[in-house]
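Participant: Just dropping this structure here.
The values are calculated or read from the model by the stated rules, or taken from the named source; none is laboratory data. Here the structure is a predicted model, which is why all the values come from computation and not from measurement. Cβ atoms come from the backbone with ideal geometry, glycine included; neighbour counts cover every protein chain shown. For accessibility, only protein heavy atoms count, side chains too; no ligands or nucleic acids. Shrake-Rupley method; radii C 1.70, N 1.55, O 1.52, S 1.80 Å.
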Amino acid sequence: MDNKRKSKFGNNKPKRFQKSQFDRKNYSNNSTKKPYRHLDQVTEAEVGISEFISDQPGFTGVLKARYSDFHVSEVDQNGEIAVLTNTNIPKDEKTNINYDSIDQSPIEILPQNKWDEIKEMVKTGSKEPVKFDVSNFNKEERTILHTKVKGIFGNKIDSNTVDEDDKRIVVFKKPTHGCKERYVWPEGRGQYVHFILYKEALDTMTACYKVADVIKIKPSYISYAGIKDKRAKTTQWLCIKQVEPWKLIIKSKPFRNIKIGNITFKDTPLKLGDLSGNRFKIALRNVVTENSTIEKAIEYAKENGFINYYGLQRFGNDKEVPTYTIGVKLLLGNWKEACELILKLKKSDDPTSDIVIAKKIYGETGNAEQAFNSLHRSKNNCLEAKLLQGLTKEKQNYVNALENIPRNMRLLYIHSFQSLVWNRMVSIRIKKYGLKPVENDLVVINDVFTEPEIDPIEAEEALVEDAIDAKAENEPEVQKTRQQVKALTESELSNYSIYDIVLPLPGYDVEYPENMKEEYKNELEKYGLTLEMPKQSVKTYTVSGGYRKILGRMQDLKWKIMKYNDPNNSLILSDFDVLRKIEEPKDVLDGKYKAVILEFTLDPSMYATMLLREIMKIDTSPSAQVKMNDYATPNESTKIIINDSKKEENIIIMNGLAHNSILNDKVKMEEFKRSIYGETAKRKTESIENDDSPKKLKTSD
């Protein structure tokens with residue numbers, strides 16, 4: 001027999017064990033571990049964020065030094081804050097219906113005599129089935145019949161539809177011994193399962209994708225009121241129709257950064273926009289200023305608010321391809337160019353990444369199928385992979401290929417462009433007219449909120465397969481009621497304040513203020529667009545526009561100053577921390593560093609980062625923040641490469657390790673090894689250090 005062991009599958013290995021026929025080595029280089037590169041990020045100035053409402057002194061501090069410094073909790077339309085307090089499976093709420101007391105047939109299409117026969121069969125345990133001719137019923141009516149009867153009797157009864165003598169017959173019978181019982185939604189329980197989702201360092205849509213995957217449903221069957229930050233700890237309500245509660249709790253347990261609980265049952269689904277705001281709890285680290293300056297800055301912002309800019313999250317991370325550039329191509333109908341931008345190989349891309357290798361293949365060969373087939377890990381959870389798959393199926397039909405990307409993701413690109421224009425216009429408006437109403441300013445007169453809350457989310461970092469395209473019964477719909485506005489006359493100015501003034505997001509169905517119309521026209525013309533924003537042949541890329549208040553205000557403010565020593569210690573507790581009874585972080589009286597802890601509520605679609613920018617008078621961009629985050633253990637040998645379009649500055653991370661990583665601290669590393677391996681590690685280390693012989697040492701990673 002041949003020395004080589006033959007597979008039981010024959011000479012050919014099964015498909016899942018076969019090595020990919022595509023040779024990746026020409027497209028990847030794993031020989032060198034490259035430092036983390038954060039290149040050419042979008043700046044505040046580039047997206048129109050330039051003004052402050054006051055010259056009140058601010059202070060320096062680090063925003064989102066750790067994702068645990070930023071907590072967001074949804075506030076529902078009744079003012080209730082989403083808090084995870086219970087991760088138990090709810091007790092079976094199946095109503096113990098006394099079916100024997102139900103004299104009348106519970107459903108009109110079921111004859112009374114058949115209802116009596118079914119009750120008798122269940123009561124006596126008879127093996128004789130009850131049959132009912134349903135030839136004249138359609139499928140929907142038959143489904144209602146099955147559901148209603150089984151909802152009353154539960155697993156005491158089984159039913160199915162069969163063909164007998166050219167007739168459609170429903171058969172009710174005692175369940176067969178050993179057969180798998182199908183779960184029956186209890187009669188009297190609300191069909192929609194509402195629950196709280198707590199997540200860490202994960203955006204809402206990706207969390208939905210993960211939950212949907214483990215409970216075996218389409219992601220689009222999960223509805224939510226709004227999307228929450230990725231770099232944060234967040235709590236929000238989600239909703240699924242008729243999902244068994246135990247599945248949500250048990251199947252999601254393996255997820256380290258997702259927790260589900262507070263399950264309730266309701267008759268109505270959750271829809272996009274079903275919230276009144278968001279509650280924020282934020283820690284600002286290494287604040288350097290007098291306490292009196294902090295107090296004045298916060299109190300001024302509490303009283304006067306902030307410019308309601310769209311934050312940098314709205315525009316993506318990379319200056320090479322900000323999300324709004326793709327939005328412009330979609331609005332112009334330049335489908336091929338939009339695809340090329342989405343698949344563009346960028347300087348900031350990790351060259352060893354699965355999807356980056358695929359993008360490189362596509363860029364060099366133009367062969368979408370070859371690029372898609374090269375993917376291993378990213379075929380189902382990556383935006384670019386979905387587009388490559390679409391291009392593989394549709395060949396040169398770029399508009400159809402784009403349809404393979406979930407609709408909400410494509411809309412993010414367009415909303416990003418609208419946000420860019422709005423930011424630039426509000427800066428011009430404030431520069432020209434100040435912080436008071438002027439003639440021709442617009443105010444809303446019907447108090448309807450229509451702007452869909454799809455922010456903050458980075459379009460390149462989230463994907464839900466068929467997230468909006470699939471037609472689930474409980475699919476959220478954007479509010480269709482339009483805001484109505486009017487232009488102020490000179491005599492009306494005293495009746496309104498600057499907090500009432502709105503500016504439009506460009507679209508075909510908005511009114512532009514006469515005092516800003518020329519500025520809107522000039523801005524849109526830069527991108528080949530007009531004020532009218534005419535409807536397109538592809539409906540998805542037609543935008544009606546909307547209105548947004550130029551200033552925002554926070555509510556229910558609480559804040560405090562605390563001292564700390566360890567920059568890696570948590571300063572605020574999450575819902576899940578409280579549930580686990582973790583001790584509240586304490587103020588260290590003589591701590592080396594100062595932090596400011598704030599709690600406040602904002603209306604939907606307002607950015608906490610823009611409020612903090614006004615309070616602190618700082619640049620909120622990640623590039624600026626990461627420079628300030630090296631305050632605890634500065635180390636010249638550690639660096640991060642940041643490419644500002646004008647210069648390159650070496651700052652924090654080297655060899656892929658954070659400056660405060662234990663692997664960068666020899667003393668701490670030795671302490672760690674001794675704690676794991678005891679004195680043996682110490683003696684071995686000393687032996688090696690005292691051995692001057694020129695022999696090779698075996699090391700382990």
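Participant: Would you please list the contacts, defined by Cβ atoms under 7 Å and residues six or more apart or on different chains, that run from a residue in segment 205-223 that is without any contact (Cβ under 8 Å) to a residue 60 or more places away in the chain and more than 16 Å from residue 241 (Cα to Cα) to a residue that is among the hydrophobic types (A, V, I, L, M, F, W, C) and open to solvent by less than 50 Å² (accessible area, probe 1.4 Å)?
Facilitator: Cβ pairs passing all conditions: 207/197; 207/258; 210/255; 210/258.
To keep it simple, each residue is scored yes or no on (1) among the acidic types (Asp, Glu); (2) open to solvent by 70 Å² or more (accessible area, probe 1.4 Å); (3) in a helix (DSSP H, G or I).
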{"site": "115", "(1), (2), (3)": "no, no, yes"}
{"site": "131", "(1), (2), (3)": "no, yes, no"}
{"site": "137", "(1), (2), (3)": "no, no, no"}
{"site": "145", "(1), (2), (3)": "no, no, yes"}
{"site": "149", "(1), (2), (3)": "no, no, yes"}
{"site": "161", "(1), (2), (3)": "no, no, no"}
{"site": "171", "(1), (2), (3)": "no, no, no"}
{"site": "193", "(1), (2), (3)": "no, no, no"}
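Participant: Determine which single condition residue 295 fails, assuming it passes every other condition in (1) touching a strand residue (DSSP E or B) at 6+ places or on another chain (Cβ under 8 Å); (2) at pLDDT 95 or above.
Facilitator: Against the list (1) touching a strand residue (DSSP E or B) at 6+ places or on another chain (Cβ under 8 Å); (2) at pLDDT 95 or above, residue 295 comes up short only on (1).
Participant: Of all residues in segment 585-618, which are under 30 Å from residue 225 (Cα atoms) and in a loop (DSSP other than H, G, I, E, B)?
Facilitator: 603, 604, 605, 606, 607
Participant: Shifting gears a bit: If I go through segment 222-248 residue by residue, how many of them are open to solvent by 20 Å² or more (accessible area, probe 1.4 Å) and in contact with a Cys (Cβ under 9 Å, 6 or more places away or on another chain)?
Facilitator: Number of matching residues: 1.
Participant: May I pose another question? How about segment 547-565: which of its residues are without any contact (Cβ under 8 Å) to a residue 60 or more places away in the chain and part of a loop (DSSP other than H, G, I, E, B)?
Facilitator: Correct list: 565 only.
Participant: Does residue 165 satisfy being over 25 Å from residue 267 (Cα atoms) and surrounded by 19 or more Cβ atoms within 10 Å (Cβ to Cβ)?
Facilitator: Taking the combined requirement at face value, the residue does not satisfy it.
Participant: Right, something else. Has segment 19-28 got at least one residue that is at pLDDT 85 or above, hydrophobic (A, V, I, L, M, F, W, C) and in contact with a helix residue (DSSP H, G or I) (Cβ under 8 Å, 6 or more places away or on another chain)?
Facilitator: No; the residues of segment 19-28 include none that is at pLDDT 85 or above, hydrophobic (A, V, I, L, M, F, W, C) and in contact with a helix residue (DSSP H, G or I) (Cβ under 8 Å, 6 or more places away or on another chain).
Participant: Identify all residues within segment 148-168 that are within 43 Å of the chain's Cα centre (by Cα) and of a type outside the set (A, V, I, L, M); write none if there are none.
Facilitator: Within segment 148-168, 148, 150, 151, 153, 154, 155, 156, 158, 159, 160, 161 qualify.
Participant: Determine which single condition residue 234 fails, assuming it passes every other condition in (1) assigned to a helix (DSSP H, G or I); (2) at pLDDT 90 or above.
Facilitator: (1)
Participant: Could you please give the count of residues in segment 203-216 that are open to solvent by 10 Å² or more (accessible area, probe 1.4 Å) and in contact with a strand residue (DSSP E or B) (Cβ under 7 Å, 6 or more places away or on another chain)?
Facilitator: Matching residues across segment 203-216 total 1.
Participant: Out of the residues in segment 272-307 that are under 19 Å from residue 412 (Cβ atoms) and not hydrophobic (A, V, I, L, M, F, W, C), state the one that is least open to solvent (accessible area, probe 1.4 Å).
Facilitator: Looking at the filtered set, the residue picked out is 278.
Participant: Another question, then. Among the residues of segment 537-575, which ones are more than 18 Å from residue 278 (Cβ to Cβ), open to solvent by less than 20 Å² (accessible area, probe 1.4 Å), in contact with a Gly (Cβ under 9 Å, 6 or more places away or on another chain) and aliphatic (A, V, I, L, M)?
Facilitator: The answer is 543, 562.
Participant: So for segment 525-536 (the condition being farther than 29 Å from residue 308 by Cβ, open to solvent by 70 Å² or more (accessible area, probe 1.4 Å), assigned to a loop (DSSP other than H, G, I, E, B) and out of contact with any Lys or Arg (no Cβ under 8 Å at 6 or more places or on another chain)), does at least one residue qualify?
Facilitator: no
Participant: Let me ask something else. Looking at segment 249-268, which of its residues are closer than 14 Å to residue 190 by Cβ and buried (at least 19 other Cβ atoms within 10 Å of the Cβ)?
Facilitator: Matches in segment 249-268: 263 only.
Participant: Kindly state which helices (runs of 4 or more DSSP H) lie completely within segment 358-448 and contain at least 3 residues that are at pLDDT below 90, of a type outside the set (Asp, Glu) and open to solvent by 10 Å² or more (accessible area, probe 1.4 Å).
Facilitator: Per the criteria, 407-433.
Participant: If you check 93, 128, which single one turns out to be modelled with pLDDT under 85 and in contact with a strand residue (DSSP E or B) (Cβ under 9 Å, 6 or more places away or on another chain)?
Facilitator: Testing whether each residue is modelled with pLDDT under 85 and in contact with a strand residue (DSSP E or B) (Cβ under 9 Å, 6 or more places away or on another chain) leaves just 93.
Participant: Any chance segment 574-582 includes a residue that's polar (S, T, N, Q) and modelled with pLDDT of 95 or more?
Facilitator: Checking segment 574-582: not a single residue is polar (S, T, N, Q) and modelled with pLDDT of 95 or more.
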